[in-house]
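Read through the structure below, which is laid out as structure tokens, and then see the notes.
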Amino acid sequence: MVTVSLLVVGAGLWRFTVPRLPGETIVTSRAEAARLRDLESRARASKEAQDWLAYANAAWEVQDFERASQGYLEVAKLEPRNVVALRRLGMLLFFAGRGEQALPVLEVATRADPSEPEGWLFLGNIYFQMGRAEDAVRAWESYKAAGGESAQVDNLIQTARQQLQTASPGQRVYLQKCAACHGAQAQGGSGPALKGNPASKVPEAVREIVTKGRGSMPAVPMGAQELEELIAYLRSL
């Protein structure tokens, strides 16, 4: 299912690029540009996943993310379980501001190859953006365990832990169980806004929606105490 989703969104993926400084170029030399053309020609002629992967990796190395995304998508078509292609496509989706689409791709990639740090780094970034601080900390710690080194990640872990410590019990439940769809501040996302929503102020309504689901929202597994803490938090918004 992840690969199918990638192919659906991938048609325009390489139109998105990472912001660059004024005067900064994607391909830094004619030699690199010529090498990319040769690798692309070889991949188109052979139609082999390994040749498309070589082309995509070479484009990635020189930060030509348009060609890289094109190459990785071709790899994913030929080898849907290719971990490198999945991981890099997940990162490219993140670069393009498509965090919700990047999330399942990176989750699959990190499970398939937990030894590669870059997947954990971006997975943690997405979790944190979604308000899932505990998941973000676990992902960033996995990044470090896999050999990743970054003072910025250490700072992010500290920030996320402080957020968890200062949050009320109900807010922690919300961040873990609800924020991915309803937003870290309950402002709404793929799910409706809960802040200022009359239904979120009615305990009976919240219990029914959480335990039984409603519309496209499935039931959310949580303990009785967690549910009561969540209800109290939603009423405070």
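The values are calculated or read from the model by the stated rules, or taken from the named source; none is laboratory data. This one's a predicted model, so the numbers in the text were calculated from it and none came from an experiment. So basically every Cβ, Gly included, is an ideal-geometry build from the backbone, and we count neighbours across all protein chains shown.
At-a-glance table
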| quantity | calculated |
| --- | --- |
| Pick from region 82-104, criterion free of Cβ contacts under 8 Å to residues at least 60 places away in the same chain and basic (Lys, Arg), ranking: surrounded by the fewest Cβ atoms within 10 Å (Cβ to Cβ) | 87 |
| Selection count where residues are over 30 Å from residue 211 (Cβ atoms), in contact (Cβ under 8 Å) with a residue 12 or more places away in the chain and either in contact with a Gly (Cβ under 8 Å, 6 or more places away or on another chain) or charged (D, E, K, R) (or both), scope region 145-193 | 3 |
| Total residues in region 113-128, condition within 10 Å of the chain's Cα centre (by Cα) and among the polar types (S, T, N, Q) | 1 |
| Every residue from region 197-213 that is more than 28 Å from the chain's Cα centre (by Cα) and part of a loop (DSSP other than H, G, I, E, B) | 202 |
| Residue within region 143-159 that is under 15 Å from the mean Cα position of the chain (by Cα) and either crowded, with 20+ Cβ neighbours inside 10 Å or not in a loop (DSSP other than H, G, I, E, B) (or both) present | yes |
| Test set (1) within 30 Å of residue 40 (Cβ to Cβ); (2) part of a helix (DSSP H, G or I); (3) among the hydroxyl-bearing types (Ser, Thr, Tyr) - residue 127 fails condition number | (1) |
| Wholly within region 1-76, helices (runs of 4 or more DSSP H) carrying at least 2 residues that are of a type in the set (D, E, K, R) and modelled with pLDDT of 55 or more | 30-46, 49-61 |
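Table: residues versus (1) closer than 30 Å to residue 223 by Cα; (2) in a helix (DSSP H, G or I).
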residue: 80; (1), (2): no, no
residue: 90; (1), (2): no, yes
residue: 102; (1), (2): yes, yes
residue: 123; (1), (2): yes, yes
residue: 165; (1), (2): yes, yes
residue: 173; (1), (2): yes, yes
residue: 186; (1), (2): yes, no
residue: 190; (1), (2): yes, no
